[in-house]
Amino acid sequence: MASFRLARDYGIPGIELDIHLSADGKLVVMHDAVTTRTSPGSTMLIEETGYELLKDLDVGAWKGDRWKGEHPPLLADVLEEFTPDMYFDIEIKAPKATDRGVEAALVTLLSAMNLGRNSIIVSSFNPIAIKRFKALRPDVATGIIYCDSDELPFYLRHGEGRWLGRADFLKPEHIMVKRLAMSVKRVTGGRPVLPWTVDEQQDADRLMALGCAGFISNKPHLAWRKT
């Protein structure tokens, strides 16, 4: 939550975050599927752990004393505090095609909070997750995430999941965004491009000049110029 509050303090317009479904059906905001990296000494797999056990973990101390006492928040708590002042790119973490119910849980939460296309976009590396979510909330824009990494199947490394997931926009790693491809996109009316992770001002300027719709950054206060 501290990082999200800092983004708000800097005047950053939106937040990108990752969600996992806990064993008791809660949407937990955390990047990794396992708690070890941000809560050293713990080895909890989020999807196999109830939130009652997750909520007391200290996930800030690893970064420094300033951040001690930070805990994994629920998505509902984040949205309650920051909407409608900020918009959200919610990344669904779903490494497998199996339907564990995360998409349905997200749809239920957004509906209960009356949140939709004006404040929410949803993305994932997994085109099946995007397809499931889109079937339930066709009004909310969805994006396919990709990069040229061995961690992804070779057939998903250049955004091919856009067709299977019927994604509305593309989220490539920023080094994959090239001038020629962006020129073709403009001519053919292709999908908007929202690259990640853009932490240098020169990269942000290049990407915006190429016609990207925006970018995702770990250091938005350094890379983003208000216009």
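With charges set only on the Cβ (+1 for Lys and Arg, -1 for Asp and Glu), what does the dipole of the range 163-206 come to about its Cα centre, in debye to the nearest 20?
It comes to approximately 380 debye.
For the chain, set up a Gaussian network in which alpha carbons nearer than 10 Å are linked by springs, and say which option among P127, P153, P72 fluctuates the most.
Per the Cα network of the chain with a 10 Å cutoff, P153 tops the list.
Per the Cauchy relation, a quarter of the hull surface: what is the mean projected area of the convex hull of the alpha carbons in the chain, in nm²? Spell out each step's value before the answer.
Working: hull surface 50.9 nm².
The number I arrive at for the chain is 12.7 nm².
Can you give me the relative contact order of the chain as a percent, contacts being Cα pairs under 8 Å and 6 or more apart?
13
In the Gaussian network model of the chain, springs joining C-alpha atoms below 10 Å, which of P172, P195, P84 carries the largest mean-square fluctuation?
Result for the chain, Cα springs under 10 Å: P84 fluctuates most.
For the chain, what is the calculated [θ] at 222 nm in deg cm²/dmol (nearest 500), taking -39500 (n - 2.57) for each run of four or more DSSP H residues and dividing by its residue count?
Rounded to the nearest 500, it is -8000 deg cm²/dmol.
Compute the FRET efficiency between A213 and L152 as 1/(1 + (r/R0)^6), taking r as their Cβ-Cβ distance and R0 = 30 Å, and round to the nearest 0.05.
After rounding, the FRET efficiency stands at 0.85.
Once you have all Cα-Cα distances for the range 13-127, histogram them in 10 Å bins from zero and send the whole-percent values.
13, 45, 34, 7, 0
Where does the charge balance sit around D58 when Lys and Arg score +1, Asp and Glu -1, over other residues with C-beta under 9 Å from its C-beta?
-1
Taking the chain as the reference, fit the longest principal axis to its C-alpha atoms, fit the long axis of helix 179-188 to the helix C-alpha atoms, and give the angle between the two in degrees, 0 to 90, nearest 10.
Roughly 80 degrees, rounded to the nearest 10.
In a GNM of the chain with a 10 Å cut-off on Cα contacts, which of K68, K55, K131 has the highest mean-square fluctuation?
Comparing K68, K55, K131 in a Gaussian network model of the chain, the most mobile one is K68.
Once amide H atoms are placed 1.01 Å from N in the peptide plane, what residues at a sequence separation of 5 or more from F88, or on another chain, have their amide H within under 5 Å of its amide H?
I15, I120, I121
Taking the Cα centre of the chain as origin, work out the dipole magnitude from +1 charges on Lys and Arg Cβ and -1 charges on Asp and Glu Cβ, in debye rounded to 20. If you can, show how the numbers build up before the last one.
On the way: 29 positive and 31 negative charges, 204 e Å.
It works out to roughly 980 debye.
Would you mind telling me the antiparallel percentage of the DSSP bridges in the chain, rounded to 5? If you can, show how the numbers build up before the last one.
Numbers: 5 of 24 bridges.
So the antiparallel bridges in the chain amount to around 20 percent.
Counting only GluC sites (Glu not before Pro) that are in a DSSP loop and have at most 14 other C-beta atoms within 10 Å, tell me the longest site-free stretch of the chain. Let's see the in-between values first.
Numbers: sites that count: E151, E200.
Counting only loop sites that pass the neighbour cut-off, the longest clear stretch is 1-150.
Length gain on complete extension for the stretch E80 to S3, per 0.36 nm per residue less the alpha carbon to alpha carbon distance?
That works out to 26.1 nm of additional length.
What full-extension length gain, to one decimal in nm, is calculated for L136 and D24 as 0.36 nm per residue of separation minus the Cα-Cα distance?
Length gained, L136 through D24: 38.2 nm.
In the structure displayed, which of K63/K93; K68/K96; K134/K178; K55/K96 lie more than 31 Å apart, Cα to Cα?
Violating the 31 Å Cα-Cα cut-off are K68/K96.
What does the extension gain come out to for H221 and L180, with contour length at 0.36 nm per residue minus their alpha carbon separation?
11.9 nm
Among T98, T38, I120, which residue has its Cα positioned farthest towards the positive end of the charge dipole of the chain, with +1 placed on the Cβ of Lys and Arg, -1 on the Cβ of Asp and Glu, and the dipole taken about the Cα centre?
The one lying farthest along the dipole's positive direction is I120.
Where a number appears in this text, it was derived from the coordinates with a stated rule and is not lab data. Source: prediction; values computed, not measured. Reconstructed Cβ throughout: ideal geometry from the backbone, glycine too, with neighbour counts over all protein chains shown.
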